[in-house]
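Before any comments, here is the structure.
The values are calculated or read from the model by the stated rules, or taken from the named source; none is laboratory data. What you see is a predicted model; the values in this text were computed from it and never measured. Methodologically, a virtual Cβ is constructed for each residue, glycine included, from the backbone with ideal geometry; neighbour enumeration extends over all protein chains shown. Please note that ligands, DNA and RNA were not included when accessible areas were found on the heavy atoms of the full protein model with its side chains. Shrake-Rupley method; radii C 1.70, N 1.55, O 1.52, S 1.80 Å.
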Amino acid sequence: MSEFDKSGSISLTRHLIEEERAGHIGADLRLLIEVVARACKSISVSVGKGALGGVLGEAGSGNIQGEAQKKLDVIANDVLLEANAWGGHLAACASEEMDHCQPIPDVYPRGNYLLLFDPLDGSSNIDVNVSVGTIFSVLRCPEGVTHPDDSHFLQPGTTQVAAGYCIYGPSTMLVLSIGQGTHAFTLDREMGSFVLTTRGMTVPASTKEFAINMSNQRHWETPMQDYVRDLLAGETGPRGKNFNMRWIASMVADVHRILTRGGVFIYPWDKKDPSKAGKLRLMYEANPMSYLVEQAGGAATNGRTRILDLAPTQLHQRVPVFLGSRDEVAKATEYHLAHD
Ligand code: AHG
Ligand code: MN
Ligand code: MN
Ligand code: MN
């Protein structure tokens, strides 16, 4: 701490300026992240109003996923689109709630980045006042591409230059990585700024906690059945320990718990709709969350291979997700590889 550090608190802005001075990011990416964070503050205000803000319930529309959109899905999507149109050094955005990517309007300067977001993750929980969030992922726009289309977003997760989420819970927190570890910022509502509250989140290598929607059990493939059977057998079973289950059904909230105290989160392939390869979307759920978890010392596979190495083929494609404490992810992956 220098003699200037009277308050001792480090804002998101200062953290990003320090990362820019360290040569880890450029001014344009720094500003993009600040603009996304500001949009998340605006979404936090809307989410926080709940029934008083007229923001709950269905929007009366649907998205390409075949999901009925909640009003807040649409509100959050519009907030992010607007914010990044005018200030985000972007070339284009893509979203869970938009069929195709949206190039930045020609009236604005075109930036070098592509932004993907899940504007409101955990929508099914918004009307019952359970934590929800926004997930985002930043890619480079390929050289010389001035009007990107969906195909330019199809880059493996390893090419992300930044990823993060904002969780709208008892406190609003931004969790971010630019490839230099995963750090958590808590919104100081009086100042209106995110303040660094955890530098270097770390996922413990092993765990006794799993997050799986067990109601899909009859639809899983054999290795997933076997893995969970052994997990539930407790200390006298092959795993030799008891496991606790937690399932919030907001990926942001389940992943935040895992980044905070460890655990394994699994949304596997199931035969309910074989073409869907599970429920979670690669580009704006699995990839950003896998990036954050790996930067925190955890691991993420699709049951067989590292998620960040997967070569995307469609903007809204789905992928089985096994992420969290690296020893437990390895164990679950082992069951699948041994079965193949
Ligand atoms: P979204 O609300 O963005 O569509 O995502 C919901 C996802 C994810 O947040 C969560 O882990 C999962 O759906 C829950 O699925 P189930 O409702 O099948 O448990
Ligand atoms: Mn949805
Ligand atoms: Mn989601
Ligand atoms: Mn969503």
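Taking only Cα atoms of the chain, what ratio of Rg to Rh do you get with Rh as the Kirkwood inverse-distance radius? Mind showing how you got there, number by number?
Details: Rg = 19.7 Å, Rh = 20.4 Å.
Dividing the radius of gyration by the Kirkwood radius yields 0.96.
Could you give me the ³J(HN,Hα) list for region 137-151, computed from phi with Karplus coefficients 6.51, -1.76, 1.60 and θ = phi - 60°, whole Hz, x at Gly and Pro?
9, 10, 10, 7, 6, x, 3, x, 8, 9, 10, x, 10, 3, 5
Let me check against my output: what whole-number percent is the relative contact order of region 156-291, with C-alpha pairs under 8 Å and at least 6 apart?
On the way: 198 pairs, mean separation 32.6, N = 136.
It comes to 24 percent, rounded to a whole number.
According to the Kirkwood expression over distinct Cα-Cα pairs, how big is the hydrodynamic radius of region 7-160, in Å?
Numbers: mean 1/r = 0.0606 Å⁻¹.
Over region 7-160, the inverse of the mean reciprocal pair distance is 16.5 Å.
In nanometres, what is the gap between the two model label sites at Glu58 and Ala233, each 7 Å from Cα along Cα-to-Cβ?
Inter-label distance under the simple model: 4.5 nm.
To the nearest 0.05, how large is the calculated FRET efficiency for Thr13 and Lys276 if R₀ is 41 Å and r is the Cβ-Cβ distance? Walk me through the intermediate numbers first.
On the way: r = 40 Å, r/R0 = 0.98.
In this case the efficiency is close to 0.50.
Return a whole-number percent for the relative contact order of the chain, with Cα pairs under 8 Å and 6 or more residues apart as the contact set.
On the way: 727 pairs, mean separation 51.1, N = 340.
For the chain, the relative contact order is 15 percent.
What is the Å³ per residue value for the convex hull set by the Cα atoms of region 186-340?
Working: hull volume 19.3 nm³, N = 155.
In region 186-340, the Cα convex hull volume per residue is 124 Å³.
Between Lys208 and Ala51, what length comes free when the chain is fully extended (0.36 nm per residue of separation minus the Cα-Cα distance, one decimal in nm)?
On the way: separation 157, 0.36 × 157 = 56.52 nm, distance 3.70 nm.
Gain on stretching Lys208 to Ala51: 52.8 nm.
What percent does the relative contact order of region 276-333 come to when contacts are Cα pairs within less than 8 Å and at least six residues apart?
Values: 90 pairs, mean separation 25.9, N = 58.
For region 276-333, the relative contact order is 45 percent.
For each cysteine in the chain, check whether another cysteine's C-beta sits under 4.7 Å from its C-beta; list those where none does.
Lone cysteines by the Cβ rule: Cys93, Cys101, Cys141.
Over region 131-231, what percent of the accessible surface lies on carbon and sulfur atoms, probe 1.4 Å?
On the way: 1980 of 3930 Å².
After summing per-atom areas, the C and S share lands at 50 percent.
Based on the mean of other Cβ atoms within 10 Å per residue, sort peptides 288-296, 329-337 so the most packed one is first. Intermediate values should be presented prior to the final figure.
Numbers: 288-296: 26.8, 329-337: 18.3.
Descending packing order for the listed peptides: 288-296, 329-337.
Can you list the aspartates and glutamates whose alpha carbon sits under 18 Å from that of Lys208, skipping same-chain ones fewer than 8 residues off?
Asp226, Asp230, Glu235, Asp254, Asp327, Glu328, Glu334
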